[in-house]
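In what follows, a single structure is set out as structure tokens and then discussed.
Readers should treat all values here as calculations from the given coordinates under stated rules, not as data from a laboratory. Note that the structure is predicted; figures quoted are calculated from it, not measured. In this analysis, Cβ positions are derived from the backbone assuming ideal geometry, glycine residues included, and neighbour counts consider all displayed protein chains.
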Amino acid sequence: MAIFRSSNIIVNYNFPLVKKLYVLENQMKQYSVVKVISLNKKFIYSEKSFGSRVPQVGDIGTIVEVYDGAFDIECSDENGVTIWLEVFEPSDGGLELLYI
């Protein structure tokens, strides 16, 4: 007979955000190539922005730095000119890993 206590439920519950962070941090490394498949955050372009526009769904970028739970991602054109450079957290949108 199983006994359910609040402590058992909390310990055994899979928190989606924690699991997502774990998967992202263990698969995506510096210089991994990713595709933006969704955006949950509205990025705002300003004179402090680096590049010519904000991220859009379908953009392909390279992870240039990995932080604790976040990534610097740069999207460049065919000449290597930066289109945008932003810090992405897992809650900012969906990323598809194309190359490690």
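Structural remarks
- FRET efficiency for the I100 to F50 pair, using the beta carbon distance and R₀ = 22 Å, is estimated at 0.35.
- Gyration tensor (alpha-carbon) shape descriptor, region 44-100, a/c threshold 1.5: oblate
- Simple Cβ-charge dipole of region 28-100, Lys/Arg +1 and Asp/Glu -1, about Cα centre, in debye nearest 20: 160
- Table column - 3J(HN,Hα) (Hz), region 69-81, Karplus curve with 6.51, -1.76, 1.60, x for Gly and Pro: x, 8, 9, 8, 10, 10, 10, 10, 7, 5, 9, x, 7
- For S32, distant residues with modelled amide H under 5 Å away: I63
- Evaluating 6.51 cos²θ - 1.76 cosθ + 1.60 at θ = phi - 60° for every residue in region 54-67, the Karplus couplings come out as 8, x, 9, 4, x, 5, 10, x, 10, 6, 9, 7, 10, 10 Hz, glycine and proline recorded as x.
- Amide H contacts of L95: I37, each under 5 Å away and 5 or more positions distant or on a separate chain (H built 1.01 Å from N in the peptide plane; Pro and chain starts excluded).
- Environment charge of I44, counting only residues whose C-beta is closer than 13 Å and scoring Lys/Arg +1, Asp/Glu -1: +1
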